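Here is the structure we will look at.
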Amino acid sequence: MKKDLLNLYELGRADFEMIFRRSEALKKMNKDEISYTPLVGKTLGMIFDKSSTRTRLSFEVGIYQLGGMATFLSRRDIQLGRGETIPDTARVMSRYLDGIVIRTFDQKWVEEFALHASIPVINGLTDLLHPCQILSDIFTIIEEKGTYEGLKVAYVGDGNNVANSWINAAARLPFTLHLACPEGYDPDDTILQRGVAESPGGIRLFRAPFDAVTDADVIYTDVWASMGQEDEREERAPVFMDYQVNEHLLTYGRQDAIVMHCLPAHRGEEITDDVLDGSHSVVVDQAENRLHVQKALMEILIGGQYNKDE
Ligand code: CP
Ligand code: NVA
């Protein structure tokens with residue numbers, strides 16, 4: 001694997017498989033209460049410019065369980081917030097830390113940081129991408145369905161960071177990705193065109209949600225207004241109304257379809273209470289798996305031992 005996890009497009013299928021294998025092993029260790037601490041003495045820095053529950057907790061708890069520790073660095077508390085440059089910050093932090101997770105607005109910011117850092121840099125969400133999320137989503141699909149191969153995943157809603165990362169994953173792994181987004185809210189065009197050209201299982205963008213969801217094994221949605229777009233929430237609501245994942249939309253999917261949402265959800269907007277809490281929903285397992293997958297990622301990128309082997 002490369003030094004950093006900035007996007008899923010740069011992963012090979014073997015990298016995905018290694019992460020899923022290690023996630024499964026680490027999840028089993030947690031369940032069996034086996035103490036496994038390969039990251040003793042290692043410290044993870046966490047620069048977060050946006051709110052987080054799952055990402056922050058999964059990395060903080062995860063590195064603690066692996067024997068290391070995390071230090072949370074909100075921009076206003078460090079000199080970055082007062083104008084210290086990205087290269088200076090990245091070079092200096094690389095002398096203290098063993099890895100860093102960044103959650104911010106601009107993807108280019110994370111990429112620039114990674115360029116100047118000698119330690120692994122993990123993208124914990126930008127406006128463009130959310131790679132860690134989709135890694136644990138696919139791991140959850142493997143748990144539920146045995147494989148992702150040959151399945152149809154339907155993403156319904158905003159063509160946002162989560163949708164873009166789904167496209168990057170579908171560019172590398174053999175599953176079919178159907179997206180349904182309202183006009184004007186499509187995924188990133190470059191990512192979509194590249195994904196359509198390279199995807200082994202096929203990627204298609206629809207306008208009508210039921211077209212995308214027909215015979216889907218996985219029905220996935222996310223908020224209509226992401227972090228940083230709160231001002232647009234009211235104006236977006238009527239545009240997205242037909243894209244709600246509700247009992248009716250579910251009837252178009254396969255009978256055994258699972259419903260996924262990265263959370264946090266705006267209940268009653270992109271998804272109804274009955275579906276989010278219903279028998280098809282796997283959202284809490286999905287959230288739990290962030291922990292196991294983030295641990296696998298840190299074990300590989302910070303611990304490094306699996307990098308050498310495979
Ligand atoms: N799904 C996800 O990334 O959640 P948080 O924003 O709570 O980290
Ligand atoms: N698209 C959402 C994902 C939150 C985990 C956002 O960026 O706010």
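The values are calculated or read from the model by the stated rules, or taken from the named source; none is laboratory data. Please read all numbers here as calculations on a predicted model, not as lab measurements. In this analysis, Cβ positions are derived from the backbone assuming ideal geometry, glycine residues included, and neighbour counts consider all displayed protein chains. These area figures cover heavy atoms from the full protein model, side chains too; ligands, DNA and RNA do not enter into them. Shrake-Rupley method; radii C 1.70, N 1.55, O 1.52, S 1.80 Å.
Among the residues of the range 100-125, just one is among the aromatic types (Phe, Trp, Tyr) and either away from ligand 2 (no atom under 16 Å from the Cβ) or without any contact (Cβ under 8 Å) to a residue 12 or more places away in the chain (or both), namely Phe113.
Here is a yes/no grid of residues against (1) surrounded by fewer than 18 Cβ atoms within 10 Å (Cβ to Cβ); (2) within 18 Å of Ala171 (Cβ to Cβ); (3) small (Gly, Ala, Ser); (4) at pLDDT 95 or above:
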position: Leu6; (1), (2), (3), (4): no, yes, no, yes
position: Gly12; (1), (2), (3), (4): yes, yes, yes, yes
position: Ile19; (1), (2), (3), (4): no, yes, no, yes
position: Glu24; (1), (2), (3), (4): yes, no, no, yes
position: Lys27; (1), (2), (3), (4): no, no, no, yes
position: Tyr36; (1), (2), (3), (4): yes, no, no, yes
position: Thr43; (1), (2), (3), (4): yes, no, no, yes
position: Phe48; (1), (2), (3), (4): no, no, no, yes
position: Thr53; (1), (2), (3), (4): yes, no, no, yes
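Look at the range 126-145: where a residue is within 26 Å of Asp186 (Cβ to Cβ) and in a loop (DSSP other than H, G, I, E, B) and a partner is of a type in the set (Val, Ile, Thr) and modelled with pLDDT of 95 or more, sitting 6+ places away or on another chain with Cβ atoms under 7 Å, you get Thr126/Thr104; Thr126/Val110; His130/Val162.
Please verify whether Asp188 is more than 16 Å from ligand 1 (Cβ to nearest atom), open to solvent by 60 Å² or more (accessible area, probe 1.4 Å) and not hydrophobic (A, V, I, L, M, F, W, C), treating the condition exactly as stated. Here the answer is no, as Asp188 does not meet what is asked. The set of residues in the range 177-230 that are of a type in the set (Phe, Trp, Tyr) and out of contact with any helix residue (DSSP H, G or I) (no Cβ under 6 Å at 6 or more places or on another chain) comprises Tyr185, Phe210, Tyr220.
Restricting attention to the range 193-234, the residues being away from ligand 1 (no atom under 16 Å from the Cβ), of a type in the set (D, E, K, R) and assigned to a loop (DSSP other than H, G, I, E, B) number 3. Taken residue by residue, the range 73-90 has at least one member that is surrounded by 16 or more Cβ atoms within 10 Å (Cβ to Cβ), within 22 Å of the chain's Cα centre (by Cα) and closer than 21 Å to Leu115 by Cα. Filtered by the rule that a residue be in a loop (DSSP other than H, G, I, E, B) and within 15 Å of ligand 2 (Cβ to nearest atom), the range 260-284 gives Cys262, Leu263, Pro264, Ala265, His266, Glu269, Glu270. In the condition set (1) in contact with a helix residue (DSSP H, G or I) (Cβ under 8 Å, 6 or more places away or on another chain); (2) over 17 Å from Glu270 (Cα atoms); (3) part of a loop (DSSP other than H, G, I, E, B), Asn164 is compliant with all but (3). I'd like to check something: does the range 61-68 contain any residue that is surrounded by fewer than 21 Cβ atoms within 10 Å (Cβ to Cβ), closer than 25 Å to Trp109 by Cα and of a type in the set (Val, Ile, Thr)? No. For the range 100-156, a residue qualifies if it is of a type in the set (Asp, Glu) and more than 15 Å from Ser58 (Cβ to Cβ), and the qualifying residues are Asp106, Glu111, Glu112, Asp127, Glu143, Glu144, Glu149. Of the set (1) under 18 Å from Asp4 (Cβ atoms); (2) outside any strand (DSSP E or B); (3) at pLDDT below 95, all apply to Leu73 but (2).
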